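Take a look at the structure below.
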Amino acid sequence: MNKIKLFFLYIIFLQSAFILAQSNNYQALTNRVKQFSKPAKVLFNNIDAKGNGSIEFTNAKKQVLRFRLDNKKLQVMHGGIAYQLFYYKNNYLQRIETFDTSGNLAAERESKNEAAVNFIIDKPDLYLKKKKLIDAAEGNIDLKEDSNEKIIRVEIFDQNNLPIREFQPTYISSKTYWNYNVRMYWP
């Protein structure tokens, strides 16, 4: 009976060691992005046994760094983007930056060649009302397109962190911002 208990304890120990080793391996990938503060902890891990999926890390500065793996290797998405770094203040998304496999800012060539996006809530009271509706439906709601109400403005930056000038301010809908805020978007 004692041998069986020891055997199961040994198996549990091996599984724990394997999971810890995998987590540390993924943690090493976070070191490439210098803008992401350390120490960090796993916020969400959706990587399967084959090494496919996504993982998110967070830190004391309320940053979230995420990336995907394909067969245990860092997956490169379109435009050479491998990482996304989210900056939050008071649980509201302030900025998203995208990085290549080396940890350098990488532009999203599929759109306006932006490597970073700042989010400015120009009408916080109005956004809060809409956010409550979206939260109550857990995001499963079709809100009327409200970017013309000028609630949330975005500023975009290139891979040198220089502003990309536009003729007029760009606004996004409350639902689009909510999706970014809960990290529903992948490049």
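As a fraction of the 1.4 Å probe accessible area of the chain, surface on carbon and sulfur atoms comes out at 54 percent. Highest mean first, the peptides 27-34, 170-177 sorted by other C-beta atoms within 10 Å per residue fall in the order 170-177, 27-34. Ranking 171, 154, 181 by Cα position along the charge dipole of the chain, where only Lys, Arg, Asp and Glu carry charges on their C-beta atoms, puts 181 farthest toward the positive end. Ligands, DNA and RNA are left out, and with a 1.4 angstrom probe the accessible area of the chain is 62 Å² per residue. My understanding is that a pair violates if its Cα-Cα distance is over 32 Å; which of 112/175; 38/150; 50/144; 89/150; 72/123 do that in this structure? Checking Cα-Cα distances, 38/150; 50/144; 72/123 exceed 32 Å. Among the trypsin sites (Lys or Arg not before Pro) found in the range 85-147, those both in a DSSP coil and sparsely packed, with 16 or fewer other Cβ atoms within 10 Å of their Cβ, are 109, 112, 144. Translational diffusion of the chain was estimated from the Stokes-Einstein equation, with Rh taken as the Kirkwood radius over Cα pairs; at 4 °C and 1.567 mPa s the coefficient is 70 µm²/s. For a paramagnetic label modelled on residue 141 (point 7 Å from Cα along Cα→Cβ), amide N atoms under 17 Å away belong, within the range 152-179, to 152, 173-179. For the range 51-112, the square roots of the Cα gyration tensor eigenvalues, ordered a ≥ b ≥ c, give a/c of at least 1.5 with a/b no greater than b/c, which places it in the oblate category.
The values are calculated or read from the model by the stated rules, or taken from the named source; none is laboratory data. This one's a predicted model, so the numbers in the text were calculated from it and none came from an experiment. Virtual Cβ from ideal backbone geometry, glycine too; neighbours counted across all protein chains shown. Protein only, heavy atoms only, side chains kept; ligands, DNA and RNA dropped before computing areas. Shrake-Rupley method; radii C 1.70, N 1.55, O 1.52, S 1.80 Å.
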